[in-house]
Amino acid sequence: MIQVKNLKTYFFTKKGTVKAVDGVSFSIKEGEILGIVGESGAGKSITGFSIINLIDYPGKIVDGEVIFEGENLVKLPQKELEKIRGNKISMIFQDPQTSLNPVLTIERQLIETIYYHNKNLTKDEMRNRAIEVLKKVGIPSPEKRLKNYPHQFSGGMKQRIVISMALINNPKLLIADEPTTALDVTIQAQILILMKKLCRDYNSSLILITHDIGVVAQLADNIAVMYGGKIVEYGKKEDILYNPLHPYTKGLIECLPKYNEDKKRLYQIKGVMPNLLNLPEGCYFRDRCPEADERCITYPEEKKIGDRRVSCHKVTI
Ligand SMILES: Nc1ncnc2c1ncn2[C@@H]1O[C@H](COP(=O)(O)OP(=O)(O)O)[C@@H](O)[C@H]1O
Ligand SMILES: [Mg+2]
């Protein structure tokens, strides 16, 4: 469905070059859910923006390909990209506040999104489609609620509306960047279950970006673990969760409450992710890694077994 090959997005700042995404590769099949997980600053969001080629100065996609329906989105002119964004590929962000226009009714916003990509539909057809999709995301009495403004909905309901807007043109791929981080824990679970169901119903693929490995544990088919702009481990969800190979992945899983109920205090990976302007020589995780040894002063080559990939000297496959 979509193939990302050796994608590199760098920011050319006064302080130096930030290699936010540095050689990321993965592919997603139709209807599949890929979870991208990692701490803040790992390059997850920039990976999402790079896929739809939405990188602004001083950032630039410097290498790699994003192949979608036979075309390389990295090389596509902006006019062509605008036909794809919000249509065949749509994106949801963390804060529903920023995705909805406070001064327009929900109806107006949904219809504008439909109209932008479907100039041939009548007003009634668009309105019916808006009602149908609001129903799908669980907004009660959608006919009435169409006339409301965003502030008349709760946070969870607003995020449902954002999801309806992202799905309204029946995208092949949905990119959701921390879609539930701004919501209460109970609402989070409902929205996640809803997103999974909708992707299955619409046969859309989903890239779910999150710092929370618990979220991808619920939803994903495959998981990519990012660290310092690179994927350090990739594999099927079950393999990653039950047999993590990279020490960073092991650390993330240790942080999950349900995996260490018996311990009094929650585990934390020591230290912080290095500044991407100032990456250490060798493995970027070396300073924080409980298993590091002298081999780690060089960056490990990626090892592959089937569709499992891991970049760590310690792993022997
Ligand atoms: N406009 C920008 N200018 C310079 N650096 C940026 C810019 N946007 C993002 N970055 C850098 O790119 C890196 C990855 O960012 P991001 O993808 O947002 O991380 P994540 O989503 O994993 O938290 C960060 O180190 C961040 O500082
Ligand atoms: Mg982010």
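The values are calculated or read from the model by the stated rules, or taken from the named source; none is laboratory data. Being a predicted model, the structure only gives us computed values, none of them experimental. Because the Cβ atoms are built from the backbone with ideal geometry, glycine has one as well, and the counts that use them run over all protein chains shown.
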Would you point out which residue out of Ile139, Ile193 is of a type in the set (A, V, I, L, M) and surrounded by fewer than 16 Cβ atoms within 10 Å (Cβ to Cβ)?
-> Ile193
Give the residues of the stretch 293-314 that are without any contact (Cβ under 8 Å) to a residue 24 or more places away in the chain and crowded, with 17+ Cβ neighbours inside 10 Å, sorted by residue number.
-> Cys296, Tyr299, Pro300
All positions within the stretch 282-317 that are of a type in the set (A, V, I, L, M) and in a loop (DSSP other than H, G, I, E, B) = Ala292, Val315, Ile317
Qualifying residues in the stretch 23-44 (those that are closer than 22 Å to Lys250 by Cα and not hydrophobic (A, V, I, L, M, F, W, C)) - the one farthest from ligand 1 (Cβ to nearest atom) | Ser25
Filter the stretch 1-45 for residues that are within 11 Å of ligand 2 (Cβ to nearest atom) and surrounded by fewer than 22 Cβ atoms within 10 Å (Cβ to Cβ); which is farthest from Leu192 (Cα to Cα)?
-> Gly41
For the stretch 50-65, what are the residues that are within 15 Å of ligand 2 (Cβ to nearest atom) and in contact with a Ser or Thr (Cβ under 8 Å, 6 or more places away or on another chain)?
-> Ser50, Ile55, Gly59
What is the one condition in (1) out of contact with any strand residue (DSSP E or B) (no Cβ under 7 Å at 6 or more places or on another chain); (2) within 19 Å of Ile231 (Cβ to Cβ); (3) among the small types (Gly, Ala, Ser) that Gly70 does not satisfy?
-> (2)
For the stretch 212-229, enumerate the residues that are closer than 21 Å to Val272 by Cα and crowded, with 23+ Cβ neighbours inside 10 Å.
-> Ile213, Ala224, Val225, Met226, Tyr227, Gly228, Gly229
Tell me which residues, restricted to the stretch 47-97, are within 16 Å of ligand 1 (Cβ to nearest atom), closer than 18 Å to Leu173 by Cβ and free of Cβ contacts under 8 Å to residues at least 60 places away in the same chain.
-> Phe49, Ser50, Asn53, Leu54, Ile55, Ile61
Subset of the stretch 212-231, residues at pLDDT 95 or above and within 16 Å of ligand 2 (Cβ to nearest atom), comes to Ala224, Val225, Met226, Tyr227, Gly228, Gly229, Lys230, Ile231
Run down Lys88, Lys79, Lys29, Lys8 and say which single residue is basic (Lys, Arg) and more than 18 Å from the chain's Cα centre (by Cα).
-> Lys79
If you check Arg127, Arg160, Arg108, which single one turns out to be within 26 Å of Glu82 (Cα to Cα), touching an Asp or Glu at 6+ places or on another chain (Cβ under 8 Å) and free of Cβ contacts under 8 Å to residues at least 40 places away in the same chain?
-> Arg127
